[in-house]
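**Student:** Handing you a structure now.
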Number of protein chains: 2
Amino acid sequence: MIKDFEVTPWEVTGRVDYDKLIKQFGIKPMPKLPEKFQKNLLFRRKIIFAQRDFGRILDSIRDGRPFVVMTGLMPSGKFHLGHKILIDQIIFYQRLGAKIYLAVADIEAYNTRNKSMRELEETAIREYLENYIALGLKPEKCDFYFQSKRSDDWKKSNAYYKLAGMLASCATFNEFRAVYGEITPGKMVSSLFQASDMLHAQLDEFEGKMPVLVPVGIDQDPHLRIARDMSRRIKEFDFMQLSSTYHKFLPGLKGEKMSSSVEESAIFISDSPKEVKKKIWNSFTGGGGSLKEQKEKGGNPDVCRVYQYLFYLFDDDNELKVRYEKCKNGEILCGECKEYLTEKINKFLKEHRKKKETARNKIDRYL
Amino acid sequence: MIKDFEVTPWEVTGRVDYDKLIKQFGIKPMPKLPEKFQKNLLFRRKIIFAQRDFGRILDSIRDGRPFVVMTGLMPSGKFHLGHKILIDQIIFYQRLGAKIYLAVADIEAYNTRNKSMRELEETAIREYLENYIALGLKPEKCDFYFQSKRSDDWKKSNAYYKLAGMLASCATFNEFRAVYGEITPGKMVSSLFQASDMLHAQLDEFEGKMPVLVPVGIDQDPHLRIARDMSRRIKEFDFMQLSSTYHKFLPGLKGEKMSSSVEESAIFISDSPKEVKKKIWNSFTGGGGSLKEQKEKGGNPDVCRVYQYLFYLFDDDNELKVRYEKCKNGEILCGECKEYLTEKINKFLKEHRKKKETARNKIDRYL
């Protein structure tokens, strides 16, 4: 069988068919969501498109019962607009009352990226945490930690690492291999730490048994699958099964997935207005082969990166709809959309950088 | 090639040729030892027969400089006389001024033995630590800990677990496999914890860079080899290479290796005088086929378990020599040696059990 696309936590190749993934991964479409979810463009536009056991999170929200939302960050590369899609969800749940667990996967980064722990710490704080706070995360309602130093409470630290160690008995090499494709000791240990990141909130030393939601990009589902298996198998603890939601990728500007390591594929928070302009100008659109052709036959917004950036990142539904139809009808040209998007992004980045200055002060207080 | 014998941490089969092992494992015979080592029967009789980098431990002892002696215990099964050979070394070094690190491999036991953490803790303390103290270990000069809860100092705990996690990047699956023969996720994680047990004493949060000796049975050398490789490879820390010594096994009473899981193969600390008598009576000796034959041709003390027990466990060189020669010459019969050994062991066990009562009180104070 020829594979049209392949999604693992380590690589995304080909064009992603999300409906196919739902079947392939055994996940479920999103249920009908309460009104407050509709206000968030990620839910409203079905960018968050699938889930596992999300019902118990909705129940907790409805009944005002406590729940945890856990996410991790890999302290490598630079922060780009693709990262915003995840952290906006975390902020959304924090405002709904969730306790946030935010893990810096520095052990994982050390084992797979060949950087020093010092560099990784610097990147985690300056490149990620500062941007998260600038985007609206409240650090005071967030348990932010490094895998390499879980807590300054020894009982909590020991409990977290003990769990990671014990989880090794809950999966076989073949399972790791089936989930990851390829596996090394470093990746296997990363996977155990990740599973402990997802599960340890339910230990007595932390929150106790309760719903935990892990929102991820669809490429991260293998981590969820193995953590769920371990959660079910471990005899020493009685965990509530993990909940998860899956979002689509913000595509790369030129071709496939956005990547921190491909400069032209993404808009980075640190990009200057001129760089943003240049990147958008050179991005892949759905325009016709020529001006004449586009005016006659119309463009294809569905494959257009400019359209997708507006769709994934900016809130105005009406503007989006108008541009979509005008494009289809050949009433608007790529240049105009590119200028519009450039302006939107540069405005956002300007404001964001101001907020980042303030965030830097907050961090010094909380760390 | 047909293997005459095979030694891995998980199994010992066949009859062990220690000279062959020295070559096979790339270890070195013991150097000339100072006088105080000669007083200890384990060194004097070359039961401790090989080493790696032991010179720097001898230098530290000579110069009065600090060093660490690290050992671990697997909290499964019952304490038997074979365990005494290792712990007697630990006590010997403690009296020479070494700082002792004593790790309970409860994560390893959990991952490989299918017991609950509660049972494992109970066994570690009641079956092992109490006996160690009764044999002469001073708990107040010993850092006794569980892999599942390294310390009540959060900085120490985090440093220990961080190291274990980072070590995963310092070996490949093929290396684990070459060392262990067979490998599972649980065993691999156990190996990382063990390497951290051996190496973490040198972290700034603990003793800082200094010589660390790990005395082991020769079957444990694979753990040392992989820990030494990791120690050399890890870039974040500058460790002094591990020192190790290797001792022979106290043989099983009936055939091969003594084992906690084969009741008749070992004398357990909890055995009654009657049980001891019965086990010794049924043990394998070097006696002739018949009384007549033994008187004529003499016995073979070199393969005799009764002789070996006297050799490994009891201090009287002269008595040992006399019995050896009398046996060879057919001047003494197996029954007499068996009675003699039974008496020696039962006397030792009686005194030991008294000391264990006192030890129990000490433990309550220190844990």
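**Student:** Would you check if there is a residue in the stretch B:82-92 being within 14 Å of chain A (Cβ to nearest Cβ), of a type outside the set (A, V, I, L, M, F, W, C) and under 30 Å from A:Leu167 (Cα atoms)?
**Tutor:** Just the residues of the stretch B:82-92 that are within 14 Å of chain A (Cβ to nearest Cβ), to begin with: none.
No, the stretch B:82-92 contains no residue that is within 14 Å of chain A (Cβ to nearest Cβ), of a type outside the set (A, V, I, L, M, F, W, C) and under 30 Å from A:Leu167 (Cα atoms).
**Student:** In addition: Please go through the stretch B:74-100 and pick out each residue that is in a loop (DSSP other than H, G, I, E, B) and crowded, with 22+ Cβ neighbours inside 10 Å. Reasoning before the result, please.
**Tutor:** Step one: filter the stretch B:74-100 for residues in a loop (DSSP other than H, G, I, E, B), giving B:74-79, B:96-98.
Hits for the stretch B:74-100 are B:Pro75, B:Phe79, B:Ala98.
Here is a yes/no grid of residues against (1) surrounded by fewer than 17 Cβ atoms within 10 Å (Cβ to Cβ); (2) under 18 Å from B:Leu81 (Cα atoms):
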residue: B:Lys279; (1), (2): no, yes
residue: B:Gly286; (1), (2): no, no
residue: B:Leu291; (1), (2): yes, no
residue: B:Gln294; (1), (2): no, no
residue: B:Arg305; (1), (2): no, yes
residue: B:Phe311; (1), (2): no, yes
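**Student:** Another one. Counting only residues that are part of a helix (DSSP H, G or I) and modelled with pLDDT of 95 or more, which one in the stretch B:134-154 is nearest to B:Gln194 (Cα to Cα)? First the steps, then the outcome.
**Tutor:** Initially, the stretch B:134-154 is screened for residues part of a helix (DSSP H, G or I), giving B:134-135, B:139-141, B:154.
After this cut, where a residue has to be modelled with pLDDT of 95 or more as well, the list is B:134-135, B:154.
Values: B:Ala134: 26, B:Leu135: 25, B:Trp154: 20 Å.
The residue in question is B:Trp154.
**Student:** Quick one: count up the residues across the stretch A:171-212 that are among the charged types (D, E, K, R), at pLDDT below 95 and either surrounded by 18 or more Cβ atoms within 10 Å (Cβ to Cβ) or within 29 Å of A:Phe67 (Cβ to Cβ) (or both).
**Tutor:** As a first pass, look at the stretch A:171-212 and keep what is among the charged types (D, E, K, R): A:175, A:177, A:182, A:187, A:197, A:204-205, A:207, A:209.
Next, from what is left, pick out any that are at pLDDT below 95: A:175, A:177, A:182, A:187.
Among the residues that remain, those that are also either surrounded by 18 or more Cβ atoms within 10 Å (Cβ to Cβ) or within 29 Å of A:Phe67 (Cβ to Cβ) (or both) are: A:175, A:187.
Matching residues across the stretch A:171-212 total 2.
**Student:** Checking the conditions here, which among B:Gln89, B:Gln94 is under 15 Å from B:Val216 (Cβ atoms) and assigned by TED's automatic domain parsing to the domain that holds B:Lys149?
**Tutor:** Working: B:Gln94 fails: under 15 Å from B:Val216 (Cβ atoms).
That would be B:Gln89, the only listed residue that is under 15 Å from B:Val216 (Cβ atoms) and assigned by TED's automatic domain parsing to the domain that holds B:Lys149.
**Student:** Residue by residue through the stretch A:319-344, note down the ones that are of a type in the set (Asp, Glu) and buried (at least 19 other Cβ atoms within 10 Å of the Cβ).
**Tutor:** Residues satisfying the conditions do not exist here.
**Student:** Here is a list of conditions, (1) more than 24 Å from B:Leu349 (Cα to Cα); (2) of a type outside the set (D, E, K, R); (3) away from chain A (no Cβ under 14 Å), and B:Ser148 meets all of them except one; can you say which number that is?
**Tutor:** Failed condition: (3).
**Student:** Looking at (1) within 18 Å of B:Met74 (Cβ to Cβ); (2) in contact with a helix residue (DSSP H, G or I) (Cβ under 9 Å, 6 or more places away or on another chain); (3) surrounded by fewer than 20 Cβ atoms within 10 Å (Cβ to Cβ), find the lone condition where B:Asp152 falls short.
**Tutor:** Among (1) within 18 Å of B:Met74 (Cβ to Cβ); (2) in contact with a helix residue (DSSP H, G or I) (Cβ under 9 Å, 6 or more places away or on another chain); (3) surrounded by fewer than 20 Cβ atoms within 10 Å (Cβ to Cβ), B:Asp152 violates only (1).
**Student:** Given the structure, is A:Ala134 touching a residue at least 12 places away in the same chain (Cβ under 8 Å) and either under 30 Å from B:Thr172 (Cβ atoms) or within 9 Å of chain B (Cβ to nearest Cβ) (or both)?
**Tutor:** On the way: touching a residue at least 12 places away in the same chain (Cβ under 8 Å): yes; either under 30 Å from B:Thr172 (Cβ atoms) or within 9 Å of chain B (Cβ to nearest Cβ) (or both): no.
Spelling it out, it is not the case that A:Ala134 is touching a residue at least 12 places away in the same chain (Cβ under 8 Å) and either under 30 Å from B:Thr172 (Cβ atoms) or within 9 Å of chain B (Cβ to nearest Cβ) (or both).
**Student:** Also, quick follow-up: Report yes if A:Ala103 is in contact (Cβ under 8 Å) with a residue 60 or more places away in the chain and either in a helix (DSSP H, G or I) or among the aliphatic types (A, V, I, L, M) (or both), otherwise no. Please lay out each step first, then the result.
**Tutor:** Working: in contact (Cβ under 8 Å) with a residue 60 or more places away in the chain: yes; either in a helix (DSSP H, G or I) or among the aliphatic types (A, V, I, L, M) (or both): yes.
Yes: the conditions hold for A:Ala103.
**Student:** Could you pull out the residue among B:Ser76, B:Ser116 that is in contact with a Leu (Cβ under 8 Å, 6 or more places away or on another chain) and more than 27 Å from B:Gln202 (Cβ to Cβ)? Walk me through it before giving the result.
**Tutor:** Numbers: B:Ser116 fails: in contact with a Leu (Cβ under 8 Å, 6 or more places away or on another chain).
Result: B:Ser76 is the single residue among B:Ser76, B:Ser116 that is in contact with a Leu (Cβ under 8 Å, 6 or more places away or on another chain) and more than 27 Å from B:Gln202 (Cβ to Cβ).
**Student:** Would you tally the residues in the stretch A:293-309 being at pLDDT 90 or above and of a type in the set (Val, Ile, Thr)?
**Tutor:** Count: 1.
**Student:** Just one of A:Thr112, A:Thr71 is among the hydroxyl-bearing types (Ser, Thr, Tyr), within 14 Å of chain B (Cβ to nearest Cβ) and either crowded, with 17+ Cβ neighbours inside 10 Å or within 17 Å of the chain's Cα centre (by Cα) (or both); which is it? Show your work before the answer.
**Tutor:** Details: A:Thr71 fails: within 14 Å of chain B (Cβ to nearest Cβ).
From the options A:Thr112, A:Thr71, the qualifying one is A:Thr112.
**Student:** Only one of these conditions is not met by B:Lys141: (1) within 14 Å of chain A (Cβ to nearest Cβ); (2) basic (Lys, Arg); (3) under 23 Å from the mean Cα position of the chain (by Cα). Which number is it?
**Tutor:** B:Lys141 satisfies all of (1) within 14 Å of chain A (Cβ to nearest Cβ); (2) basic (Lys, Arg); (3) under 23 Å from the mean Cα position of the chain (by Cα) except (1).
**Student:** Let me ask something additional. Could you check the stretch A:305-343 and list, in sequence order, the residues that are under 17 Å from A:Val276 (Cα atoms) and outside any helix (DSSP H, G or I)?
**Tutor:** A:Phe314
**Student:** Give the residues of the stretch A:153-183 that are more than 20 Å from B:Tyr161 (Cβ to Cβ) and either at the interface with another protein chain (Cβ under 8 Å from one of its Cβ atoms) or without any contact (Cβ under 8 Å) to a residue 60 or more places away in the chain (or both), sorted by residue number.
**Tutor:** If we filter the stretch A:153-183 for residues that are more than 20 Å from B:Tyr161 (Cβ to Cβ), which is where we start, we get A:172-183.
Listed by number, the residues that qualify are A:Thr172, A:Phe173, A:Asn174, A:Glu175, A:Phe176, A:Arg177, A:Ala178, A:Val179, A:Ile183.
**Student:** Is it fair to say B:Ser76 is of a type in the set (Ser, Thr, Tyr), out of contact with any strand residue (DSSP E or B) (no Cβ under 9 Å at 6 or more places or on another chain) and away from chain A (no Cβ under 14 Å)?
**Tutor:** Values: of a type in the set (Ser, Thr, Tyr): yes; out of contact with any strand residue (DSSP E or B) (no Cβ under 9 Å at 6 or more places or on another chain): yes; away from chain A (no Cβ under 14 Å): yes.
Criteria met by B:Ser76.
The values are calculated or read from the model by the stated rules, or taken from the named source; none is laboratory data. Since the structure is predicted, the reported quantities are computational estimates derived from the model, not experimental observations. FYI the Cβ positions are ideal-geometry reconstructions off the backbone, even for glycines, and counts take in every protein chain you see.
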